[in-house]
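Before any comments, here is the structure.
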């Protein structure tokens, strides 16, 4: 029997790379990548395409949600606000309601191509100040889909939402995901800075997992 | 005391024009207009700006959600699918999950500019086959905002969702809204066709309200 189709939201980072590997266990996969004016947009897109090529996934949609840059309010999209070196309770890297914009886009696509599952790799622990990376958010979005789409049969799945990032990395390695192709740095596009919150979380998680991060960094890992 | 700020989603159509007039009774208003590759995009934007100028509203955000065109699946955004002459239960003019995309964008903006209300002029009766024009959808979206934003204090208000379109037109006239500047036709950009589902609904509602529609039509009103 032909496998069912799922959409995976893929930034090009390590969590979404693991999510693709996870979804491919049971589904045919279509990939959605969103540019939203983030500083490292081009580098992320390169990582996204490299991962998609690795898996031979042809069904890709790359979308520009440039209004998130126009709207601003985040150091990820607004160059006036500096990228912090530490995470805080209300991080400046929070892009207002970003994941709702991304998921709305994914649901529109899912309705048209007939995908019944949408995977995204949010990890709550990884993003304590991001309200749209929590289980309650996923639950509320699924309720919205039930009443807001024609068939009401599309479901968001965030398989790692409760996991530790180190466990996601272990899973990625176990599934043979191409983690060497991923990009996480908020700041640089050539060699990862190793200092921004995203690099720090990634490096900490690799350390905790006891796995060597295969990508190069400016500073010692 | 300075009035609080609200965002109004404004297409340039008659319902959103009435919604602006309604919101202005109690709020300072910022206007959000979304292009999503609909056929009459330019004409709608012209109507939007004319209405905003009429009210002297400077705070405007015009956003391109071009992915809705890329994704297709609707006769409004996909020129291969013809605009029907009659509404059906599952109308081809339905743009998949469109209002969720629009509202997500509005919520992102509201978080940044500190607006606590977002008005949109959906009318259920007007759009029987559009799941994202129903009260349940607004309720579910408000639940999503509570868990998905940093303060959880933004609320979507659809003041006319239960109204008859003819009553919305009466209200617009009562509030002195510039209905002569609005545009509703799905098909044309110069003179309204008078035949597409949107023109028909509009003309029927004006007739029911006993008010003359001030815009010109190709065919007899």
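When residue B:141 is evaluated against the numbered criteria (1) surrounded by fewer than 17 Cβ atoms within 10 Å (Cβ to Cβ); (2) facing chain A (nearest Cβ under 9 Å), which criterion, by number, is the only one it fails?
The failed condition is (1).
Mind listing whichever residues of segment A:144-160 are crowded, with 23+ Cβ neighbours inside 10 Å and either within 24 Å of residue B:151 (Cα to Cα) or at the interface with another protein chain (Cβ under 8 Å from one of its Cβ atoms) (or both)?
Listed by number, the residues that qualify are A:144, A:145, A:148, A:156, A:158.
Over 15 Å from the mean Cα position of the chain (by Cα) and more than 26 Å from residue B:62 (Cβ to Cβ): which single residue out of A:71, A:66, A:51, A:57 fits that description?
Step by step, each of A:71, A:66, A:51, A:57 is checked, and only A:57 is over 15 Å from the mean Cα position of the chain (by Cα) and more than 26 Å from residue B:62 (Cβ to Cβ).
When residues of segment B:30-43 are filtered for being in a strand (DSSP E or B) and at positive phi, how many remain?
Adding up the residues that qualify gives 0.
Just to verify a result, which residue in segment B:186-200, among those that are touching a residue at least 40 places away in the same chain (Cβ under 8 Å) and in contact with a helix residue (DSSP H, G or I) (Cβ under 6 Å, 6 or more places away or on another chain), is farthest from residue B:14 (Cα to Cα)?
B:189
Looking at segment B:50-66, which of the residues that are in contact (Cβ under 8 Å) with a residue 24 or more places away in the chain and part of a helix (DSSP H, G or I) is farthest from the other protein chains (Cβ to nearest Cβ)? Even if it seems obvious, please write down each step before you answer.
Keep residues of segment B:50-66 that are in contact (Cβ under 8 Å) with a residue 24 or more places away in the chain, which gives B:50-52, B:54-55, B:57, B:59-66.
Next, only the ones that are part of a helix (DSSP H, G or I) stay: B:50-52, B:54-55.
Details: B:50: 22, B:51: 20, B:52: 17, B:54: 24, B:55: 22 Å.
The qualifying residue farthest from the other protein chains (Cβ to nearest Cβ) is B:54.
Evaluate segment B:65-72: report whether one residue or more is modelled with pLDDT under 90, in contact with a strand residue (DSSP E or B) (Cβ under 7 Å, 6 or more places away or on another chain) and surrounded by 21 or more Cβ atoms within 10 Å (Cβ to Cβ).
There is at least one residue in segment B:65-72 that is modelled with pLDDT under 90, in contact with a strand residue (DSSP E or B) (Cβ under 7 Å, 6 or more places away or on another chain) and surrounded by 21 or more Cβ atoms within 10 Å (Cβ to Cβ).
Restricting to segment B:99-114, count the residues that are more than 7 Å from every other protein chain (Cβ to nearest Cβ) and either at negative phi or touching a helix residue (DSSP H, G or I) at 6+ places or on another chain (Cβ under 6 Å) (or both).
6
Mind listing whichever residues of segment A:115-133 are more than 7 Å from chain B (Cβ to nearest Cβ) and without any contact (Cβ under 8 Å) to a residue 40 or more places away in the chain? Steps first, please.
Taking segment A:115-133 and keeping what is more than 7 Å from chain B (Cβ to nearest Cβ), we get A:115-130, A:133.
Scanning segment A:115-133 gives A:124, A:127, A:130, A:133.
I need a count of the residues in segment A:17-29 that are in contact with a helix residue (DSSP H, G or I) (Cβ under 8 Å, 6 or more places away or on another chain) and either under 16 Å from residue A:122 (Cβ atoms) or part of a helix (DSSP H, G or I) (or both).
6
The values are calculated or read from the model by the stated rules, or taken from the named source; none is laboratory data. Quantities reported herein were computed from a predicted structural model and do not represent experimental measurements. Note that we place each Cβ from the backbone using ideal geometry, even for glycine, and neighbour counts take in every protein chain shown.
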